[in-house]
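Heads up, the thing below is written out as structure tokens.
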């Protein structure tokens, strides 16, 4: 019989500790071995209890969640799942935590409301993913030793000329666990004249806008949360909003982003398959698919449809993936032309796009 996943819950709220402990102990393969009210208790419990995964509140007294995470990842790297509030401040801190090495995050259960039926299943799935995650070297700010907020200074964007045509070539990207950092690396070096890019990252509502804004401040291209009927322009990337599917359509020669509240696909909304299937139908051979780190199989079927429609598909390799699940499923489905490490995906996608442009 397999050993249960040992979890340490760290939160300054006793009620949150109790709620998380009850939720997790209901899972047959997960056991909460300890609950700490602050970073100092957590430090001792990590040493004494040797947990497989730590859930960590982003904001705590005595020592912040970020400071504790930074110290933990330096001294004893361990999979950490952040428990984040829905506030703007909460989302800012959460993205910094992911930069510092946290595997993933979930939103904090609201004590004054009934916990959604699927909350336990969702957090359990993320803990299972964290347990099997390949931990990455954290990205730190040299000015502050790694803990403070990395300043995001907006890059000067080129104005979009009036009457510019929408993108001919479209890069569609799908990711889940570990994807926020993978997508950042993929986009940061994109040139201003790159093809249009549509992105699905599994992420709850209220976080995708902040994610897009952070990327927009780091990239030469314009990155925005997608809105219904956005024209998909060269040098622009569109991030699916949490809670809505993103899909694309050609309408009178224009490539347009569309949003949908149709039911989840593969348990996700936004779903990578939803985007990829639309790219297969409406973009065909002018599409380039990129599937990145993540748990599960979302994207595999859509990527196969893209391949059958003439698209060129890339998958992130196992060594550079936090979780190899989604790329593996696409590869095993026969949907992938090329497998490459994360630091080569942008180069390979742009090379393929250039090849498409020369054969028009």
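In the range 307-334, what count of residues is obtained for those that are in contact with a strand residue (DSSP E or B) (Cβ under 7 Å, 6 or more places away or on another chain), without any contact (Cβ under 8 Å) to a residue 40 or more places away in the chain and farther than 18 Å from residue 133 by Cα?
Matching residues across the range 307-334 total 6.
Which residues, taken from the range 221-230, are surrounded by 18 or more Cβ atoms within 10 Å (Cβ to Cβ) and in contact (Cβ under 8 Å) with a residue 24 or more places away in the chain? Break it down stepwise before answering.
Taking the range 221-230 and keeping what is surrounded by 18 or more Cβ atoms within 10 Å (Cβ to Cβ), we get 221-223, 225-226, 230.
Within the range 221-230, 221, 222, 223, 226, 230 meet the criteria.
List the pairs whose first member sits in the range 112-123 and is under 16 Å from residue 21 (Cα atoms), whose second member is at pLDDT below 80 and part of a helix (DSSP H, G or I), and whose Cβ atoms are under 7 Å apart, counting only residues at least 6 apart or on separate chains?
Qualifying pairs under 7 Å: none.
Which residues, counting only those in the range 75-94, are in a helix (DSSP H, G or I) and free of Cβ contacts under 8 Å to residues at least 60 places away in the same chain? Give the derivation first.
Of the residues in the range 75-94, the ones in a helix (DSSP H, G or I) are 75, 88-94.
Answer for the range 75-94, where residues must be in a helix (DSSP H, G or I) and free of Cβ contacts under 8 Å to residues at least 60 places away in the same chain: 75, 89, 90, 93.
Which is modelled with pLDDT under 95, part of a loop (DSSP other than H, G, I, E, B) and under 18 Å from the mean Cα position of the chain (by Cα), of 204, 241, 192? Talk me through it step by step, then tell me what you get.
Values: 241 fails: modelled with pLDDT under 95; 192 fails: under 18 Å from the mean Cα position of the chain (by Cα).
Answer to the selection: 204.
Checking residue 96 against (1) surrounded by fewer than 22 Cβ atoms within 10 Å (Cβ to Cβ); (2) touching a helix residue (DSSP H, G or I) at 6+ places or on another chain (Cβ under 8 Å), which test does it fail?
Single failed check for residue 96: (1).
Out of all the residues in the range 58-71, which are more than 21 Å from residue 133 (Cβ to Cβ) and assigned to a helix (DSSP H, G or I)? Write out each step before concluding.
Of the range 58-71, the ones more than 21 Å from residue 133 (Cβ to Cβ) are 59-64, 67.
Hit for the range 58-71 is 67, nothing else.
Is it fair to say residue 271 is in contact with a strand residue (DSSP E or B) (Cβ under 7 Å, 6 or more places away or on another chain) and either without any contact (Cβ under 8 Å) to a residue 40 or more places away in the chain or within 16 Å of residue 171 (Cβ to Cβ) (or both)?
Considered against the rule, which asks whether it is in contact with a strand residue (DSSP E or B) (Cβ under 7 Å, 6 or more places away or on another chain) and either without any contact (Cβ under 8 Å) to a residue 40 or more places away in the chain or within 16 Å of residue 171 (Cβ to Cβ) (or both), residue 271 comes out as no.
Out of all the residues in the range 245-256, is one or more surrounded by fewer than 19 Cβ atoms within 10 Å (Cβ to Cβ) and within 25 Å of residue 340 (Cβ to Cβ)? I'd like the intermediate steps shown before the answer.
Within the range 245-256, the subset surrounded by fewer than 19 Cβ atoms within 10 Å (Cβ to Cβ) is 249-254, 256.
If we keep only those that are within 25 Å of residue 340 (Cβ to Cβ) too, we end up with none.
Within the range 245-256 (the criterion being surrounded by fewer than 19 Cβ atoms within 10 Å (Cβ to Cβ) and within 25 Å of residue 340 (Cβ to Cβ)), the answer is no, since none of the residues qualifies.
Quick check on residue 120: is it more than 16 Å from residue 9 (Cβ to Cβ) and in contact with a helix residue (DSSP H, G or I) (Cβ under 8 Å, 6 or more places away or on another chain)? Reasoning before the result, please.
On the way: more than 16 Å from residue 9 (Cβ to Cβ): no; in contact with a helix residue (DSSP H, G or I) (Cβ under 8 Å, 6 or more places away or on another chain): yes.
Considered against the rule, which asks whether it is more than 16 Å from residue 9 (Cβ to Cβ) and in contact with a helix residue (DSSP H, G or I) (Cβ under 8 Å, 6 or more places away or on another chain), residue 120 comes out as no.
Only one of (1) farther than 28 Å from residue 341 by Cβ; (2) buried (at least 24 other Cβ atoms within 10 Å of the Cβ) is not met by residue 292, so which one is it?
With (1) farther than 28 Å from residue 341 by Cβ; (2) buried (at least 24 other Cβ atoms within 10 Å of the Cβ) applied to residue 292, the lone miss is (1).
Here is a list of conditions, (1) buried (at least 16 other Cβ atoms within 10 Å of the Cβ); (2) at pLDDT below 95, and residue 156 meets all of them except one; can you say which number that is?
Of (1) buried (at least 16 other Cβ atoms within 10 Å of the Cβ); (2) at pLDDT below 95, only one is false for residue 156: (1).
Can you confirm whether residue 217 is assigned by TED's automatic domain parsing to the domain that holds residue 303, under 24 Å from residue 354 (Cα atoms), touching a residue at least 60 places away in the same chain (Cβ under 8 Å) and not in a loop (DSSP other than H, G, I, E, B)? Even if it seems obvious, please write down each step before you answer.
On the way: assigned by TED's automatic domain parsing to the domain that holds residue 303: yes; under 24 Å from residue 354 (Cα atoms): no; touching a residue at least 60 places away in the same chain (Cβ under 8 Å): yes; not in a loop (DSSP other than H, G, I, E, B): yes.
Spelling it out, it is not the case that residue 217 is assigned by TED's automatic domain parsing to the domain that holds residue 303, under 24 Å from residue 354 (Cα atoms), touching a residue at least 60 places away in the same chain (Cβ under 8 Å) and not in a loop (DSSP other than H, G, I, E, B).
The values are calculated or read from the model by the stated rules, or taken from the named source; none is laboratory data. In this text the structure is predicted, and so the values were computed from the model without any measurement. Note that we place each Cβ from the backbone using ideal geometry, even for glycine, and neighbour counts take in every protein chain shown.
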